[in-house]
Amino acid sequence: MRALHIFFVSILSVQLLACGPAADNDQVNQDQITQNVSAEEFHRLYTEKGGQMLDVRTAGELESGYIPNAVNIDFYSNLFEDKLKELDKTKPVFVYCAAGGRSGKAMQMMASMNFAEVYNLSGGFPTWEEAGYEVQK
């Protein structure tokens with residue numbers, strides 16, 4: 001009976017080890033940064049690091065204003081992913097939309113495309129405006 005108990009404990013141990021962490025080559029790039037940040041943090045990081053400001057709203061949404069120096073790539077465009085490929089993957093990307101949903105998805109897409117650093121504006125463009133930062137119309 002004791003031998004049977006040891007056998008089952010051994011089998012269980014092997015199964016638990018097999019469920020351990022994935023090998024390094026299956027993990028996302030450890031040097032990659034993707035973060036949802038507040039308007040204040042978004043502004044601070046962009047001011048300190050510079051980089052690419054990306055607005056993923058529609059043309060109609062742009063009429064309410066946009067962050068200076070932002071490049072617009074409509075998230076709903078059939079060419080969205082192709083246009084993302086034109087951005088510099090080595091420079092930080094600061095992405096926003098109207099509420100944070102589309103830009104969050106865009107951030108995930110850029111992470112899978114191996115962009116080094118992507119920051120998403122939590123709450124979207126309205127939080128930027130409410131914080132009193134510069135807006136172009």
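The ellipsoid equivalent to the alpha-carbon distribution of region 28-130 has semi-axes of 19, 17, 11 angstrom, derived from the gyration tensor eigenvalues as √(5λ) and listed largest first. Protection proxy ranking for 78-91, 109-122, 33-46, using the average of other Cβ atoms within 10 Å per residue and placing the highest first: 109-122, 33-46, 78-91.
All of the numbers you see were taken from the coordinates with simple rules; none came from a lab. This structure is a prediction, so every number in the text was calculated from the model and none was measured. Cβ coordinates were reconstructed from backbone atoms using ideal geometry, including for glycine residues, and neighbour counts include every protein chain displayed.
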